[in-house]
Amino acid sequence: MPSMRTGSGWLCHGVLWAVALILGLSPAAAAESVATALVVSVDVSQSVDDTRFRLQMEGIAEALEDPSVIGAITGNPGGILFAMVTWADRADLVVGWRRIASRADAVATAALVRATPRQAGEFTCLGQMFRTVTAGVLPALPVPAERMVIDVSGDGIDNCTDGDSLGDAREALLATGATVNGLPILVPGENDVVGAGAYRAPGYGLRATPLPQERTSLEQWYRAHVIGGPGAFLLAAAGYGDFSRALRRKFVIEISALGR
């Protein structure tokens, strides 16, 4: 069966045809491509209270509505594809793939983000999120994309996956050709120093990690364990109040591919 490229992977014409039927598109529309498919992946674990959750959702919505971000989106023929994942003990696709090609599309997507309910969860299961995006989110792309970007934000390190499993999950995601960028949220007095002391897989007892007991900054941990792929970069937020500003800048870079 002939196939069509998406990122560095390959998506069969038969799959595109099936997606077209499901979405009510013509086969010609299904064959279109976009420059960027962007997955916004947001930590909603126990450290993220209701106020912080709302700051994140509002920050994402404001970024989508920002004129500079809309300019970057509309500068791409056909716009971009957008999806949002929230993660704690598990990862959920809370906004499925949507094409954003105009200001109206961006505003409509921002409204969906603002309406996203808070997901229950205690742990920061980054590895589980990587696996969910690899197995369930990227394969559901409705049209091919030249770049697949996973934008990961959070205020802590993985505390439910051992180091080897986390590394394997990250490498499997990068093997799809995706780029993983990081937006660590730095909260003075709270996550100035982070360490790999233990992990707890949901439903299991607390076990020590096989990794050395590293103590480092959240930015350095994200550099070592989160970001990767072509043009990957990290841009930190100085607390939750700075999340919107940092994300607006990050979206412009990602969507315009300025880091290439």
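The values are calculated or read from the model by the stated rules, or taken from the named source; none is laboratory data. Please read these numbers as outputs of a predicted model, since none were measured by experiment. Positions of Cβ are backbone-derived with ideal geometry, glycine not excepted, and every protein chain shown enters the neighbour counts.
Here are the numbers for the structure shown:
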read-out: R103 being among the basic types (K, R), modelled with pLDDT of 95 or more and out of contact with any strand residue (DSSP E or B) (no Cβ under 6 Å at 6 or more places or on another chain); value: yes
read-out: Exclusive hit being buried (at least 16 other Cβ atoms within 10 Å of the Cβ), under 24 Å from V226 (Cα atoms), at pLDDT below 95 and among the polar types (S, T, N, Q), set T124, T86, T134; value: T124
read-out: Residue within segment 170-184 that is under 18 Å from C125 (Cβ atoms), crowded, with 17+ Cβ neighbours inside 10 Å and modelled with pLDDT under 80 present; value: no
read-out: From the options D151, D164, D168, residue that is touching a strand residue (DSSP E or B) at 6+ places or on another chain (Cβ under 7 Å) and of a type in the set (D, E); value: D151
read-out: All strands (runs of 3 or more DSSP E) inside segment 28-122 with 2 or more residues being aromatic (F, W, Y) and either farther than 14 Å from G154 by Cα or touching a residue at least 12 places away in the same chain (Cβ under 8 Å) (or both); value: 80-87
read-out: In segment 212-256, the residues that are basic (K, R) and either touching a helix residue (DSSP H, G or I) at 6+ places or on another chain (Cβ under 6 Å) or more than 22 Å from F130 (Cα to Cα) (or both); value: R215, R245, R248, R249
read-out: Tally of residues being of a type in the set (S, T, Y), at pLDDT 90 or above, more than 15 Å from the chain's Cα centre (by Cα) and within 26 Å of A175 (Cβ to Cβ) across segment 208-253; value: 0
read-out: Breaking point among (1) under 21 Å from the mean Cα position of the chain (by Cα); (2) at pLDDT below 95, for G205; value: (1)
read-out: Neighbours by Cβ (under 9 Å, 6+ apart or cross-chain): first from segment 162-177, in contact (Cβ under 8 Å) with a residue 24 or more places away in the chain; second buried (at least 16 other Cβ atoms within 10 Å of the Cβ) and among the acidic types (D, E); value: L166/D158
